[in-house]
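The values are calculated or read from the model by the stated rules, or taken from the named source; none is laboratory data. This is a predicted model, so every value here is computed, not measured. As a convention, Cβ positions derive from the backbone with ideal geometry for all residues, glycine included, and neighbour counts pool all protein chains shown.
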Amino acid sequence: MRSSFYSPLLSLLSLVSLALPITACRDSPSQPQASLSVAGALRAADDRGYARAVEPREFSFPADHGPHPDFRTEWWYYTGNLVTAEGRRFGFQLTFFRSALAPQMPARGSAWATRQAWLAHFTVSDVKGERFHSFERWSRGAVGLAGVRATPFRVWVQDWSAQADGGAVFPMRLQAAQGDAAIDLKLDPGKPPVLQGERGLSRKSSEPGNASYYYSLTRMPARGTVRLGRESFTVTGAAWMDREWSTSSLGAGQVGWDWFALQLSDGTDLMLYQLRHTDGRPDPASSGSFVEPDGTSRTLAFRSFSLEGFDAWQSPRSGARYPARWRVRVPSEGLDLTVTPVLADQELDVSFRYWEGAVAVEGTRRGSPVEGRGYVELTGYTESPHL
């Protein structure tokens with residue numbers, strides 16, 4: 001869902017990243033100020049010369065884990081909830097974004113020449129310590145600084161990476177370290193890929209071609225370590241990967257979205273995203289999917305689910321007011337859930353601000369109690385006061 005948000009921003013950030021590889025983190029006094037306008041950047045995108053997602057296609061794995069350079073942007077988005085044997089909980093996000101700066105490579109002789117800009121985000125939510133660590137890296141897709149390959153799978157920005165660990169794709173190893181935080185995790189495949197939308201074609205608005213190719217790995221068993229300062233924790237848990245490529249931008253009047261990835265205790269998984277207009281109205285292109293324990297899935301169209309935000313948390317940095325709790329209902333699946341952040345402040349304070357963090361879930365499915373864990377992403381709230 002999220003690629004249309006990052007692509008034009010990557011093009012703007014590339015003016016800096018192509019000059020010098022940069023890192024930034026919340027605790028760094030020299031990090032760039034988050035002053036970019038999401039909606040303004042998206043409206044300015046020039047998509048001429050790129051491939052577009054206009055109709056369903058056949059997916060092929062492991063090839064589709066790899067690059068799609070004909071499209072303007074793509075990303076690999078890992079989130080998850082982890083726990084130690086003693087019950088200490090963590091959330092993590094490790095994401096890689098590629099954006100093309102031009103449809104074709106300019107004729108240049110330098111090994112540093114590239115048409116690809118890369119951005120990566122890394123976060124750790126320390127529930128017991130009540131602290132959110134967030135970091136950012138930009139780089140160019142040249143001289144090995146950043147890139148992606150299909151077999152054996154690897155995507156990386158400098159020394160942050162997701163890569164095959166002995167096979168073509170799985171087990172997959174995630175590694176990132178900066179400041180006081182680090183992760184070193186191995187992921188198993190879990191359920192098969194879920195093709196989102198219409199057989200993997202995820203439409204973002206009614207405008208022709210304003211869509212992406214989108215699939216998810218919704219429940220990957222995870223194991224490894226989390227480091228905070230001098231402490232290292234052995235953890236297990238479940239991860240989620242969203243994978244998308246497109247040449248699209250937000251439709252007219254769309255300012256952002258609320259995205260939910262929830263893993264429930266009965267073995268089912270739920271993905272929902274609700275696109276928002278500047279006046280707070282949900283867009284009919286909003287969509288989702290429900291995944292059974294055996295991996296079979298059903299698409300959830302607009303009006304087949306509801307997301308209601310309650311309360312609010314206001315960022316001391318951006319001044320944005322984000323929903324602080326949600327009621328999620330999917331009548332066809334008998335789901336009535338309450339979703340609550342494990343930490344109120346999980347706002348990434350990087351080159352542009354958005355809220356993305358670990359959440360806890362409780363409620364009922366067909367009248368029986370259910371609980372779970374997940375991740376929520378909220379964009380566009382720095383530009384609109386509407387919840």
Inset, instruction - Confirm whether GLN263 is surrounded by 19 or more Cβ atoms within 10 Å (Cβ to Cβ) and among the polar types (S, T, N, Q). - result: yes
Inset, instruction - Within the range 48-65, track down each residue that is closer than 17 Å to VAL148 by Cβ and free of Cβ contacts under 8 Å to residues at least 12 places away in the same chain. - result: SER60
Inset, instruction - Please find, within the range 269-295, the residue that is surrounded by the most Cβ atoms within 10 Å (Cβ to Cβ) out of those that are aliphatic (A, V, I, L, M) and under 16 Å from the mean Cα position of the chain (by Cα). - result: LEU275
Inset, instruction - Mind listing whichever residues of the range 71-116 are outside any strand (DSSP E or B) and buried (at least 22 other Cβ atoms within 10 Å of the Cβ)? - result: PHE71, ARG72, THR114
Inset, instruction - Scan the strands (runs of 3 or more DSSP E) fully inside the range 137-237 and keep the ones with 1 or more residues being farther than 30 Å from ALA301 by Cα, touching a residue at least 60 places away in the same chain (Cβ under 8 Å) and β-branched (Val, Ile, Thr). - result: 146-149, 154-157, 181-187, 211-228
Inset, instruction - Being touching a residue at least 24 places away in the same chain (Cβ under 8 Å), out of contact with any helix residue (DSSP H, G or I) (no Cβ under 9 Å at 6 or more places or on another chain) and farther than 30 Å from ARG131 by Cα narrows it down to one of VAL291, VAL328, VAL370, so name that one. - result: VAL291
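Looking at the structure I just gave you, is ASP242 of a type outside the set (Lys, Arg), surrounded by 22 or more Cβ atoms within 10 Å (Cβ to Cβ) and either free of Cβ contacts under 8 Å to residues at least 40 places away in the same chain or over 27 Å from ARG353 (Cα atoms) (or both)?
Considered against the rule, which asks whether it is of a type outside the set (Lys, Arg), surrounded by 22 or more Cβ atoms within 10 Å (Cβ to Cβ) and either free of Cβ contacts under 8 Å to residues at least 40 places away in the same chain or over 27 Å from ARG353 (Cα atoms) (or both), ASP242 comes out as no.
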Inset, instruction - Give the number of residues within the range 77-96 that are over 22 Å from THR236 (Cβ atoms) and in contact with a His (Cβ under 8 Å, 6 or more places away or on another chain). - result: 0
Legend entry - Residue in the range 177-193 that is in contact with a strand residue (DSSP E or B) (Cβ under 9 Å, 6 or more places away or on another chain) and closer than 23 Å to VAL54 by Cα present: yes
Legend entry - Members of the range 310-349 that are within 20 Å of the chain's Cα centre (by Cα) and among the polar types (S, T, N, Q): THR340, GLN346
Inset, instruction - Consider THR84 carefully, then state whether it is touching a strand residue (DSSP E or B) at 6+ places or on another chain (Cβ under 7 Å), among the β-branched types (Val, Ile, Thr) and free of Cβ contacts under 8 Å to residues at least 60 places away in the same chain. - result: no
Inset, instruction - Might you check whether a residue that is of a type in the set (A, V, I, L, M, F, W, C) and modelled with pLDDT of 95 or more occurs anywhere in the range 208-220? - result: yes
Inset, instruction - Output the number of the condition that ALA324 fails; it satisfies all remaining conditions of (1) modelled with pLDDT of 95 or more; (2) in contact with a Leu (Cβ under 8 Å, 6 or more places away or on another chain). - result: (2)
Inset, instruction - Filter the range 152-167 for residues that are modelled with pLDDT of 95 or more and over 13 Å from PHE96 (Cβ atoms) and give the result. - result: PRO152, ALA164, ASP165
Legend entry - Qualifying residue in the range 303-324 (condition: in contact with a Ser or Thr (Cβ under 7 Å, 6 or more places away or on another chain) and without any contact (Cβ under 8 Å) to a residue 24 or more places away in the chain): no
Legend entry - Residues of the range 339-357 classified as in contact with a Pro (Cβ under 9 Å, 6 or more places away or on another chain) and either closer than 17 Å to PHE310 by Cα or surrounded by fewer than 17 Cβ atoms within 10 Å (Cβ to Cβ) (or both), total: 3
Inset, instruction - Have a look at VAL38, VAL54 and point out the one that is within 30 Å of ARG199 (Cβ to Cβ), of a type in the set (A, V, I, L, M, F, W, C) and modelled with pLDDT under 90. - result: VAL38
Legend entry - Qualifying positions in the range 99-117 - over 21 Å from PHE71 (Cα atoms) and at pLDDT 75 or above: SER110, ALA111, TRP112
Inset, instruction - Scan the range 238-260 for residues that are assigned to a strand (DSSP E or B) and either over 16 Å from the mean Cα position of the chain (by Cα) or closer than 21 Å to ARG321 by Cα (or both) and jot them down. - result: GLN254, VAL255, GLY256, TRP257, ASP258, TRP259, PHE260
